[in-house]
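To start, the structure itself, in structure tokens.
The values are calculated or read from the model by the stated rules, or taken from the named source; none is laboratory data. Predicted model, so just to flag it, every value in this text is computed and none were measured. Cβ placement follows ideal geometry from the backbone for every residue including glycine, while neighbour counts extend to all protein chains displayed.
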Amino acid sequence: MISGKNIKEVLVTGGNGFIGSHFISQSCKKFSSINFLNVDNLSYAASPNTQNYLNQFKNYNFCNIDITNAEKLKEIFSKKHFDLVVHFAAESHVDNSISSPIEFINTNIIGTYNILQCLVDNTNNGKNTLYHHISTDEVFGSLNLNEDSFTELSNFSPSSPYSASKACSDLLVEAWGKTFGIDYLITNCSNNFGPRQYLEKLIPKTIMKIISNEKIPVYGNGTNIRDWLYVDDHIEAIFSLYEENRFINERFNIGGGHEISNIEIIQAIVKILDEEYGYKESQDLIEFVEDRKGHDFRYSINSSKIEKVTGWKANENFAEQLKITIDWYINNQDWWNN
Ligand code: NAD
């Protein structure tokens, strides 16, 4: 990891969440001589089962801290020098940001600010520490069918309190880079899917609604398009950026290269569950509901920058990845229930 640099200590925030837990488990296996400290406040989006799963790794440690608590964060940074800080922690669900925006302002903006200040105060203005900011394609807003995919140079045009809070945090990072000399990396990825994602998100929600024989709510007419990135592909993309210590103060888009409408993905899940798992007429559970406020129509990611510089490319077996994901939820139905 980050060849040419002697990486010993890595701080991960939000490691109990969906993407962060995959990053930690894969990192702990791949880089057994590196220590990973996870800072997470164990919010509703963190399952105790995920914590138990991560505890198996000898090079893993956990600290229950809320990143809005600047003093607690300072203590962590004053005790140890981190060579790499990977910031996943966030309030991540758009619907919640509409019903209760303040948590998004606090965690996504103030929380990021607190981490940046720790880098300035405790690590020689962030020098000798690479700060990796995990962000979203939603900062770029919405596209029509005929518009080109988002590049790293696309303008920010967030629609929801969630995407606005993420855009704001991206800008803080760039400013802290220019003003205080923080070494940073920003990645903007598309919709992730895979095992261990909390049930509020489209794919797990659809699977679990079918399993429980409950209505599957679909916003508007279901034609909104998302680009889907399998979580393992995302982690591989992140690792590819660390392989050489040459990507400093840059932004990279990471997409799965698989655009599909919400209703099409729901129908694909219905088909798999009915044909391969014995569920019946799950199509009848689909229920169109009032559209989400400010609902972006289409996200589309141009990943050519990362593909060109690292050689990384998302796998093209979306159907297989979806099956693996469904299979995981079928076999781990109590992951979130307790
Ligand atoms: P998640 O909601 O599954 O996990 C977030 C984690 O952060 C949880 O473990 C939670 O307990 C922790 N957390 C929340 N608030 C905290 C706080 N104040 N202090 C400490 N910990 C806190 O999210 P995810 O889907 O794994 O997303 C990870 C990152 O990736 C986020 O920054 C998100 O914006 C970004 N992202 C996610 C997606 C996606 O499709 N899931 C897409 C693009 C970008």
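Structure above, values below:
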| read-out | value |
| --- | --- |
| Count of residues meeting criterion [more than 20 Å from Phe150 (Cβ to Cβ) and either touching a Cys at 6+ places or on another chain (Cβ under 6 Å) or part of a strand (DSSP E or B) (or both)] in the range 209-248 | 5 |
| Filter result (more than 10 Å from the ligand (Cβ to nearest atom) and either small (Gly, Ala, Ser) or surrounded by fewer than 16 Cβ atoms within 10 Å (Cβ to Cβ) (or both)) within the range 80-90 | Lys80, His81 |
| Members of the range 104-134 that are closer than 17 Å to Ile248 by Cβ and outside any loop (DSSP other than H, G, I, E, B) | Leu116, Leu119, Val120, Leu130, Tyr131, His132, His133, Ile134 |
| Criterion (of a type outside the set (Lys, Arg) and either more than 13 Å from the ligand (Cβ to nearest atom) or surrounded by fewer than 16 Cβ atoms within 10 Å (Cβ to Cβ) (or both)) met by exactly one of Phe77, Phe23, Phe104 | Phe77 |
| Ile269, sole failed condition from (1) part of a helix (DSSP H, G or I); (2) surrounded by fewer than 19 Cβ atoms within 10 Å (Cβ to Cβ); (3) aliphatic (A, V, I, L, M) | (2) |
| Flag for Ser97 being within 21 Å of Ser190 (Cα to Cα) and within 18 Å of the chain's Cα centre (by Cα) | yes |
| Considering residues of the range 143-152 that are assigned to a loop (DSSP other than H, G, I, E, B) and in contact with a Ser or Thr (Cβ under 9 Å, 6 or more places away or on another chain) only, the residue surrounded by the most Cβ atoms within 10 Å (Cβ to Cβ) | Ser149 |
| Criterion: of a type outside the set (Asp, Glu) and at pLDDT 95 or above - qualifying residue of Asn49, Asn6 | Asn49 |
| Check on Asp170, in contact with a Ser or Thr (Cβ under 6 Å, 6 or more places away or on another chain), modelled with pLDDT of 95 or more and closer than 20 Å to Ile225 by Cα | no |
| Scope the range 272-285; condition surrounded by 14 or more Cβ atoms within 10 Å (Cβ to Cβ) and either in contact with a Ser or Thr (Cβ under 9 Å, 6 or more places away or on another chain) or in a helix (DSSP H, G or I) (or both); matching residues | Ile272, Leu273, Asp274, Tyr277, Ser282, Leu285 |
| Test result for Asp183, more than 10 Å from the ligand (Cβ to nearest atom), farther than 29 Å from Val10 by Cβ and surrounded by fewer than 23 Cβ atoms within 10 Å (Cβ to Cβ) | no |
| Condition broken by Lys72, with the remaining ones in (1) within 14 Å of the ligand (Cβ to nearest atom); (2) surrounded by 15 or more Cβ atoms within 10 Å (Cβ to Cβ); (3) outside any helix (DSSP H, G or I); (4) of a type outside the set (Asp, Glu) satisfied | (3) |
| The listed residue being modelled with pLDDT of 95 or more and surrounded by fewer than 16 Cβ atoms within 10 Å (Cβ to Cβ), out of Arg298, Arg251, Arg292 | Arg292 |
| Residues (away from the ligand (no atom under 16 Å from the Cβ) and surrounded by fewer than 22 Cβ atoms within 10 Å (Cβ to Cβ)) located in the range 126-142 | Lys127, Asn128 |
| Every residue from the range 187-207 that is buried (at least 21 other Cβ atoms within 10 Å of the Cβ), more than 7 Å from the ligand (Cβ to nearest atom) and in a loop (DSSP other than H, G, I, E, B) | Gly194, Arg196 |
